[in-house]
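Here the structure is laid out as structure tokens; the discussion comes afterwards.
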Amino acid sequence: MKARSRVSVLAATLLMTGSMAACGSNAAGSGAGGGYGAAPGTTSAPASAPAAAPGASAAVTVGTSSSKLGTILVDGRGMTLYLFTKDTRGSGASTCEGSCLAAWPPLLGTPEAGSGADQARLGTITRSDGAIQVTYNGWPLYYWAQDSAPGDTNGQGVNGVWWMVSPAGEPVGSRSGA
């Protein structure tokens, strides 16, 4: 049984490693999401991310927390939220589709401002599958599947296109300033 568990852990690790390499690439023929996604079979959301059905409108809180790079947006449980610079701010659409969602699950629901967040910057878009995704300052918000606990910021800077979000609704630490 121990050997089987080790093989399962190794297989999951290899799949997630492959997903990190795929996110942010733009390989031709990579299907929906333009090659920004994870390998099939990887975790679809961080263990503490809410599971919501398409079109779900459960209330979700967006607040702030301190990180080593300053104040960032988090959900109501303290899980870090990210933006994707391949999305176009204010476009009303997400470009993270298909396998991308395995590594970068969207924050779904009806947003409410928590401590430090600006209610006027909160909004929603309707994803292609009908799910309601939360936006902040026009940017769709996502989790990183490898963040497993409040305060984790493992998705910061992945492939130079995934960034934590400041209370002003801008990428934190992005050299491009997106």
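The values are calculated or read from the model by the stated rules, or taken from the named source; none is laboratory data. Note that the coordinates shown come from a computational prediction; the quantities given were computed from them, not determined experimentally. All Cβ positions, even for glycine, are placed from backbone atoms using ideal geometry, and neighbour counts span all protein chains on display. Just so you know, the surface numbers come from the protein's heavy atoms only, side chains and all, with ligands and any DNA or RNA stripped out. Shrake-Rupley method; radii C 1.70, N 1.55, O 1.52, S 1.80 Å.
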Query raised in the report: Looking at (1) open to solvent by 10 Å² or more (accessible area, probe 1.4 Å); (2) in contact with a strand residue (DSSP E or B) (Cβ under 8 Å, 6 or more places away or on another chain); (3) touching a residue at least 24 places away in the same chain (Cβ under 8 Å), can you tell me which one Gln146 breaks?
Result: (2)
Report summary line: Note on the range 96-135: residues β-branched (Val, Ile, Thr), open to solvent by 30 Å² or more (accessible area, probe 1.4 Å) and in contact with a Leu (Cβ under 7 Å, 6 or more places away or on another chain) are Ile132
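Can you spot a residue in the range 84-91 that is in a loop (DSSP other than H, G, I, E, B), open to solvent by 20 Å² or more (accessible area, probe 1.4 Å), modelled with pLDDT of 50 or more and of a type in the set (D, E, K, R)?
Yes, the range 84-91 contains at least one residue that is in a loop (DSSP other than H, G, I, E, B), open to solvent by 20 Å² or more (accessible area, probe 1.4 Å), modelled with pLDDT of 50 or more and of a type in the set (D, E, K, R).
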**Report entry** Hits in the range 161-178 - residues which are modelled with pLDDT of 95 or more, under 15 Å from Leu69 (Cβ atoms) and open to solvent by 10 Å² or more (accessible area, probe 1.4 Å)
**Finding:** Trp163, Ser166, Pro167, Ala168, Glu170, Pro171, Val172
Query raised in the report: Which ranges mark the strands (runs of 3 or more DSSP E) fully within the range 100-177 that have 1 or more residues being closer than 19 Å to Val60 by Cβ, in contact with a helix residue (DSSP H, G or I) (Cβ under 7 Å, 6 or more places away or on another chain) and small (Gly, Ala, Ser)?
Result: 110-113
Report task. Mind listing whichever residues of the range 92-140 are within 27 Å of Thr71 (Cβ to Cβ), without any contact (Cβ under 8 Å) to a residue 60 or more places away in the chain and in contact with an Asp or Glu (Cβ under 8 Å, 6 or more places away or on another chain)? Result -> Ser94, Leu107, Gln119, Asn137, Trp139, Pro140
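I'd like the full set of residues that are of a type in the set (A, V, I, L, M) and open to solvent by 30 Å² or more (accessible area, probe 1.4 Å), limited to the range 149-160.
Ala149
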Query raised in the report: Taking the condition at pLDDT below 50, small (Gly, Ala, Ser) and not in a strand (DSSP E or B), does Ser94 pass?
Result: no
